[in-house]
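Reviewing the structure listed below.
The values are calculated or read from the model by the stated rules, or taken from the named source; none is laboratory data. Keep in mind it's a predicted model, so treat the numbers as computed, not measured. Cβ placement follows ideal geometry from the backbone for every residue including glycine, while neighbour counts extend to all protein chains displayed.
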Amino acid sequence: MVKKANKERTQRGSALVMALIIMVVLTLAGIMAVNYSSTGVVLTSSLRSEIDVFQAADSGIEEAKSLLLAQYPWNDDLVNTVLVDNASLGDYNYTVTVTAVAPPDYVTIQSVASGPGGESKVIEAVVHYRGGIPNNRDQEGQGAETTNVVN
């Protein structure tokens, strides 16, 4: 009977200790899950900002193509001409500049866009117009447009 009493004394509180250990493990698992999900939210919003600033820069290229059509045929006077100055697309701004001209059919334009969080994107496009009509086909010398992302 004495042995049974000693055994009960040594086991007192062991359930409490086990419960505390399990609670600590579950708390750590919860903290890790919250940290992991908040990191995912930050990455998603960062990716969204990158996409939005790219779309703003691309909008600048498209707007500049329309403006260039009205100025065809092109000459070297267009170099360093700002076609679109600080236009906005939502919270994003873009500026488009002519960087080079190969008269009369080729012009290189650069669109620089920036966002509210300081993100930026530079897109450069070499545009080939034939007879004042934009042509995006690259068949049998009919003309082409190529776009390169610089930054």
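Key figures
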read-out: The stretch 121-151 - residue that is among the small types (Gly, Ala, Ser) and surrounded by fewer than 16 Cβ atoms within 10 Å (Cβ to Cβ) and, of those, modelled with the highest pLDDT; value: 131
read-out: Residue within the stretch 26-47 that is under 27 Å from the mean Cα position of the chain (by Cα), under 30 Å from residue 127 (Cβ atoms), of a type outside the set (A, V, I, L, M) and at pLDDT below 90 present; value: no
